[in-house]
Amino acid sequence: MSLSYHLDPGWRTDQQWGRLVPKISCVALGFVLCLSLSIALFNAALAGNQDLVAEKVIAEHLESIGSPAALPETKSRAFAGTASVKSIQGMHGSLSATSMFASVGGKL
């Protein structure tokens, strides 16, 4: 018993292809138009933030830490969080734990 599969090379007639090509073209054109519109809107949204400069970002960050008058008077700082290490060379695994750093004056 042998199984054979025969694919008819004319499984679509020229008339069927003639009706299918304009549909594919419309879908492709719609996709390209939507993509270009979304890129244009994204660029317009980014262009609205032209006043974002490094000095302004740093100033806002320092203000979030404390007022400019209080920063020079600060002698100690502390922060806590989760630290993790993932080994990808040699051995495989990861290590995660809570950590805390504190400083007093110039000492860490």
Review point. Taking the stated definitions as given, is Ser64 at pLDDT below 85 and outside any helix (DSSP H, G or I)?
Key: no
Practice item. Please list, ordered by first then second residue, the pairs with beta carbon atoms under 7 Å, 6 or more apart or interchain, first in the stretch 79-108 and of a type outside the set (Asp, Glu), second exposed (fewer than 10 other Cβ atoms within 10 Å of the Cβ) and assigned to a loop (DSSP other than H, G, I, E, B). Key: Phe101/Leu108; Val104/Lys75; Gly105/Lys75
Review point. So is Ala59 without any contact (Cβ under 8 Å) to a residue 24 or more places away in the chain, surrounded by 10 or more Cβ atoms within 10 Å (Cβ to Cβ) and in a strand (DSSP E or B) or not?
Key: no
Point to revise | Ala45 hydrophobic (A, V, I, L, M, F, W, C), surrounded by 10 or more Cβ atoms within 10 Å (Cβ to Cβ) and either assigned to a helix (DSSP H, G or I) or at pLDDT 80 or above (or both) | key: no
Check your understanding: In the stretch 67-93, what residues are in a strand (DSSP E or B), within 25 Å of Lys107 (Cβ to Cβ) and of a type outside the set (A, V, I, L, M)?
Key -> Ser76, Arg77, Phe79, Gly81, Thr82
Point to revise | Identity of the residue in the stretch 79-102, at pLDDT below 85 and within 25 Å of Ile58 (Cα to Cα), that ends up surrounded by the fewest Cβ atoms within 10 Å (Cβ to Cβ) | key: Phe79
Review point. Can you name every residue in the stretch 64-78 that is over 34 Å from the mean Cα position of the chain (by Cα), farther than 27 Å from Ser96 by Cα and surrounded by fewer than 10 Cβ atoms within 10 Å (Cβ to Cβ)?
Key: Ala69, Ala70, Pro72, Glu73, Lys75
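The values are calculated or read from the model by the stated rules, or taken from the named source; none is laboratory data. Model, not experiment: these values are computed from the prediction. Cβ atoms come from the backbone with ideal geometry, glycine included; neighbour counts cover every protein chain shown.
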